[in-house]
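A.B. asks: Before we start, here is the structure in question, set down as C-alpha cells.
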Amino acid sequence: MTVRVALIGNPNVGKSVIFNNLVPGARQHVGNWPGKTVEKKTGKYRYNGEEYELVDLPGCYSLTARAVDELVSRTYILEEKPDVVVNIVDASNVERNLYLTLLLMELEANIVVALNQMDVAKSKGYTIRTEKLASRLGIPVVETIATQKVGMEMLKKAIENAAKSPKPAFLTYPSDIEDLIEKLVTILSVDASLVTHHPARWLAIKLIERDKEVLEMIQGTALDSKIEEVFA
Amino acid sequence: MKRVKAVLGDDPEIAFAEKRYNMIGEILEECLTKTETGMTFSDKLDKVLLNKYLGIPIFLILVWALFQFSIEASGVFMAIIETALVTVGEFFGTLLAGNEMAASLVQDGIFGGFAFILPFLAPIFLMFLGIAWLEDSGYFARAAFVMDKLLRKLGVHGKTFIPMMLGFGCNIPAIMACRSIEGEKDRMISILSNPYISCGARLPVYVLFAAAFFPGFEGSVIFSMYILGLAVAIFTAWLLRKTFFKGEPEPFIMELPIYRVPTLRASVLHMWERGVVFLKKAGTWLFLGAIILWFMSAFGPAGYLGIDPDVSVSYTGILGGLIQPIFAPLGFDWRLGAALIFAFLAKEIAVESLGIIFAIEGDIAIGGALAGVFSPATAAAFMIFILLYIPCVAAVGTIKSETNSWKWTLFSVVYSIIIAYVIAAIAFALLSAIGLGVIGGA
C-alpha cells in the first residue's frame, strides 16, 4: 500500500528542494522567492520496500479560510487525510514557522517536523535543542539542510516510523481556553457525522475563532443555538 | 458559565493567535538560544540593494548587464551553430541539385527559415541562465520590493512585479503565477499587464534587427526594448487601476529570502527547464511552420514561382499585402506584414518567415537584405510592434483560462494592437525626425 505524505510549510522554506531530494528524478523548479508553488505537485519514492506518494502543498503561513492557497492546504489535510504530514520549518525563523506547526497539531495530523536551513540558523547565531523541541511538541523533529541534501535519510526514516505507528498530534491550551474547547466539544459530539469527519477539538477552536467555513458547517443545524450560548 | 468573550475578548481570532504565539515563546525559551552575530551578509547587501535611491538604478543596471551578457556571450555559440548548419545545408544542396523544387524546400524553407532561427536559441538560453541566476540568488523578491514604492504610487500592487520578471522568460507561466496575488482586482491587473513584458521568443527578432540596423549598439537597443515593454506593462496596470479595477492595492507583505550564491548546476538546470520549451517548439511547430511557410511563399495562385521569384505574388505576399496598407505609414512592406500575421502563432516565427521569404528571393545574407529594404526607423517600429502586439496564441489562451473571461481576453488583444501601433508610430516619427527614416542610413 502506498503511504501518502503531504509536505507543508511557510513560503520559501525549501519545500520544493526537499521534494526534489526525496523524489528520484523530480526536477521541480526551485525558486528563491516566496509563493513559487502555486498548485500542489505530486511525486513518488520508495524506501525500505515501501512506496511513498509525496504531495507538495502551496506554502502558507496559516490555515484560515480566507486565502485560497491556505484553504487548499487545510482542506487537503482534513479531507484526504494523508498518512503523514511533513511540516518543513525554517530553523532560522522558528518563532513564526512554529505557528503553522501548532495549527497542524490542532488538525490532529500525524506530523513529522523537518527543521530545515539549519546552516542559516547557525550563521544567525541560533542554537536549537532539537530533542527538547520534539519532546515539547510531542512530535518527531529532524534536522535538515535540504540544499546540501543533509538529513534526507533521517527524514525518510522518520516518515517511515510515523507511517508505521501513527500518532495524531495533540495540543493542550491554557486551562481557560481548554474549558471553552471542552464545552464546545461536548455540544459538537452530538452530531456524529460532523465529528467523524473533522477533529472535534479543531472544530471547537475554529468556532471560537469564528472561522467562516466552520460556521457555515454548523449553520442551520440543531447545534447552532447551543453553540451561540457559549459565545453570547 | 464562562463565555468566549470573557476569556478572549472582542476579537477571539486575534486573541487566539496571541495565545499560540505565547505558547511558542514558552517552548522556544527552553529550546532556542540566540547569540548576537551582528549584521548578516544578507542584511548588509540589502542596505545597498534596497536603498531608497539606489534600488531602482541598481535594478536597471542588473537588467542591462543581463542582456549585455546574453548578447555578447552568445555570439560565439551562434557562430558555431550557424557554421554547422551551413555545412549540413550545403551537403543537402548538392544532394538535391537535380530537383529544383525539392532543393528550394530544403534550402530556402528548412535551412533558410527553420535552421535560420536555431542560432537564436543561444541568446535565449543565456538570458535564461542569467535570469535563473538572479532568481536563485534571492534578488527577484528584492526587485519586487524595490519596485513596490514606484508601483504603489501608481496604484499597482508590488507583487505584480514578480510575474513581470518571470515574463522575461515566457509570459505563459508568468500569467499563471499571478494566482499567488491576493485580491481579485490586483490579480486581474497583473494578468492583463503581463503580455507587454518581453519574453524570450521576441529576442530573436531584436537580435536580428538590432544587428542589421544598429550595429555596435545591439545590447543597448535590446535593453531599451525590454524597458519599453516594462514601461508599457506598468502603464497598462496603472490604466486598468484608474478605469476598470478602481480601488487601492492590497497591502504588500513579502518575506525577503536570504541571499544565496546559486550553484552552477541549479542555474543550468533551471535554464534548461525553461529553454527546453523553446527547443521543443522549434522541433515541432517551427519545423512544420517552415514547410507551410515555404509552400505559401514559393507558390501563388499561378502555381510554383520558380527560382529567385518575386515572392510578393505568392500566397504569403498576398496575405502580407492585405494588412500592409495599415502599416505603410511606418514603412512596412508586405514582408513585414506577413511576418506579423505569422508571428501571432509564436513571435520567433517572424524571424523564420522573413528568413524564408528572403531565401526564396535569393538573398542568403538576410541582415544585409533587410537593411537594403527598410530604414532603421522602420526596423525600430517593427521591433516595437512585435514587442507589444498580441502575445502569441498560447499566451492568449492562458489569458482566457486565467481570467475566465472572453471579454477581458478580447480586450487584451484589441488594446495590445492599438498600443503597439501608437507607440510604433511615435517611435517611427521620432527616429525619422533625426534622420533615421532613410533606407540604408544608420
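Readers should treat all values here as calculations from the given coordinates under stated rules, not as data from a laboratory. All figures in this text were calculated on a predicted structure; none of them were measured in a lab. As a convention, Cβ positions derive from the backbone with ideal geometry for all residues, glycine included, and neighbour counts pool all protein chains shown.
A.B. asks: Residue-wise, which Karplus ³J(HN,Hα) couplings in Hz belong to segment A:208-220, taking 6.51 cos²θ - 1.76 cosθ + 1.60, θ = phi - 60°, and x for glycine or proline?
C.D. replies: For segment A:208-220, the Karplus curve yields 4, 7, 6, 5, 4, 5, 5, 4, 5, 4, 7, 3, x Hz.
A.B. asks: Return the average number of partner chain Cβ atoms within 10 angstrom of each residue Cβ along peptide A:209-215.
C.D. replies: Per residue, the average neighbour count from other chains is 2.
A.B. asks: Short version: ³J(HN,Hα) in whole Hz for each residue of segment B:86-103, in order, from phi by Karplus 6.51 cos²θ - 1.76 cosθ + 1.60 (θ = phi - 60°), x for Gly and Pro, what are they?
C.D. replies: Whole-Hz 3J(HN,Hα) from phi for segment B:86-103: 4, 4, 5, x, 4, 4, 5, x, 5, 5, 9, 3, x, 10, 4, 5, 5, 4.
A.B. asks: Sorting check: for A:201-213, B:32-44, which peptide has the highest mean count of neighbouring beta carbons within 10 Å, and how do the rest follow?
C.D. replies: A:201-213, B:32-44
A.B. asks: Between segment A:60-92 and segment B:364-442, what is the C-alpha centre distance in whole Å?
C.D. replies: 45 Å
A.B. asks: Run the reach check for A:Lys157 against aspartates and glutamates, Cα to Cα strictly under 12 Å, same-chain hits fewer than 8 apart removed. What comes back?
C.D. replies: A:Glu50
A.B. asks: Do the sum for chain A: with -39,500 (n - 2.57) for every DSSP H run of n ≥ 4, divided by all residues, what is the mean residue ellipticity at 222 nm, to the nearest 500 deg cm²/dmol?
C.D. replies: Rounded to the nearest 500, the figure is -12500 deg cm²/dmol.
A.B. asks: Relative to the present Cα-Cα distance, how much length would full extension add between B:Phe344 and B:Phe41 at 0.36 nm per residue of separation?
C.D. replies: Between B:Phe344 and B:Phe41, full extension yields 104.4 nm more.
A.B. asks: Let me ask something else. So what are the ³J(HN,Hα) numbers for segment B:60-75, from phi and the Karplus equation (6.51, -1.76, 1.60; θ = phi - 60°), rounded to whole Hz, Gly and Pro as x?
C.D. replies: 5, 5, 4, 5, 4, 4, 4, 6, 4, 4, 5, 6, 5, 6, 7, x
A.B. asks: Then there is this: Just the Cα atoms of chain B, one point each, no solvent: what log10 I(q)/I(0) does Debye give at q = 0.08, 0.09 Å⁻¹?
C.D. replies: These q points yield log10 I(q)/I(0) values of -0.52, -0.64.
A.B. asks: Filter the chymotrypsin sites (Phe, Trp or Tyr not before Pro) in segment B:231-295 to those in DSSP coil with at most 14 other Cβ atoms within 10 Å of their Cβ, and list the result.
C.D. replies: Answer by residue number: B:Phe244.
A.B. asks: Sticking with this structure for a sec: In peptide A:116-128, what is the residue-averaged number of other protein chain Cβ atoms found within 10 Å of each Cβ?
C.D. replies: The shielding value for this peptide is 3.
A.B. asks: To continue, here is another question. Obtain the nm distance between the two label points defined at A:Glu229 and B:Glu250 by a simple spin-label model: each point lies 7 Å from its Cα along the Cα-to-C-beta direction.
C.D. replies: Between A:Glu229 and B:Glu250, the label points sit 3.9 nm apart.
A.B. asks: Name the lysines eligible as straight-distance cross-link partners of B:Lys280: C-alpha to C-alpha under 30 Å, and not fewer than 8 places from it in the same chain.
C.D. replies: Leaving aside lysines fewer than 8 places away in the same chain, those within reach of B:Lys280 are A:Lys15, A:Lys36, A:Lys40, A:Lys41, A:Lys44, B:Lys347, B:Lys400.
A.B. asks: While we're looking at this one, here's another question. Which one of B:Asp308, B:Asp186, B:Asp148 has the biggest mean-square fluctuation once chain B is modelled by GNM with Cα springs under 10 Å?
C.D. replies: Maximum fluctuation in the GNM of chain B, among the listed residues, is at B:Asp308.
A.B. asks: Loop only by DSSP, 15 or fewer other Cβ within 10 Å of the Cβ. Give me the trypsin sites (Lys or Arg not before Pro) in segment B:140-185 that pass, ordered by residue number.
C.D. replies: none
A.B. asks: Another one. Would you mind giving the mean number of other chain beta-carbons within 10 Å of the Cβ of each residue in B:37-44, as a whole number?
C.D. replies: 2
A.B. asks: So what is the calculated 222 nm ellipticity per residue for chain B, using -39500 (n - 2.57) for each DSSP H run with n of 4 or more, over all residues, to the nearest 500 deg cm²/dmol?
C.D. replies: My calculation for chain B gives -21500 deg cm²/dmol from helical runs alone.
A.B. asks: How far, in nm, would the chain grow between B:Ala365 and B:Tyr53 when pulled straight, counting 0.36 nm per residue and subtracting the alpha carbon separation?
C.D. replies: Residue separation times 0.36 nm, minus the Cα-Cα distance, leaves 107.7 nm.
A.B. asks: Quick one: if you stick a label point 7 Å off each Cα along the C-beta vector at B:Glu82 and B:Ile61, how many nm between them?
C.D. replies: Placing both labels 7 Å beyond Cα along the Cβ direction yields 3.3 nm.
A.B. asks: Past 20 Å, Cα to Cα, is the threshold; run A:Lys122/B:Lys44; A:Lys226/B:Lys19; A:Lys183/A:Lys206 against it and keep the listed order.
C.D. replies: Pairs exceeding 20 Å: A:Lys226/B:Lys19.
A.B. asks: Near the amide H of A:Ala114, under 5 Å away, which other amide H atoms are found, from residues 5 or more places off or on another chain, if H is placed in the peptide plane?
C.D. replies: Placed amide hydrogens put A:Asn87, A:Ile88, A:Val89, A:Val142 under 5 Å from A:Ala114.
A.B. asks: Among A:84-97, A:162-175, B:390-403, how do they line up by average Cβ neighbours within 10 Å per residue, starting with the highest?
C.D. replies: Sorting A:84-97, A:162-175, B:390-403 by mean packing, highest first, produces A:84-97, B:390-403, A:162-175.
A.B. asks: Please work out how much length the chain gains when fully extended from A:Thr42 to A:Ser193, using 0.36 nm per residue of separation minus the C-alpha to C-alpha distance, in nm with one decimal.
C.D. replies: 51.4 nm
A.B. asks: Roughly what would the spin-label model give for B:Asp310 and B:Ala15, points 7 Å off Cα along C-beta, in nm?
C.D. replies: Modelled inter-label distance: 8.9 nm.
A.B. asks: Enumerate the residues in segment B:1-29 having an amide nitrogen under 20 Å from the point lying 7 Å beyond the Cα of A:Glu95 toward its Cβ.
C.D. replies: Zone members listed by number: B:14-29.
A.B. asks: Hey, if you drop one equal point scatterer on each alpha-carbon of chain A and run the Debye formula without solvent, what base-10 log of I(q)/I(0) do you get at q = 0.17 Å⁻¹?
C.D. replies: Rounded to two decimals, the profile gives -1.22.
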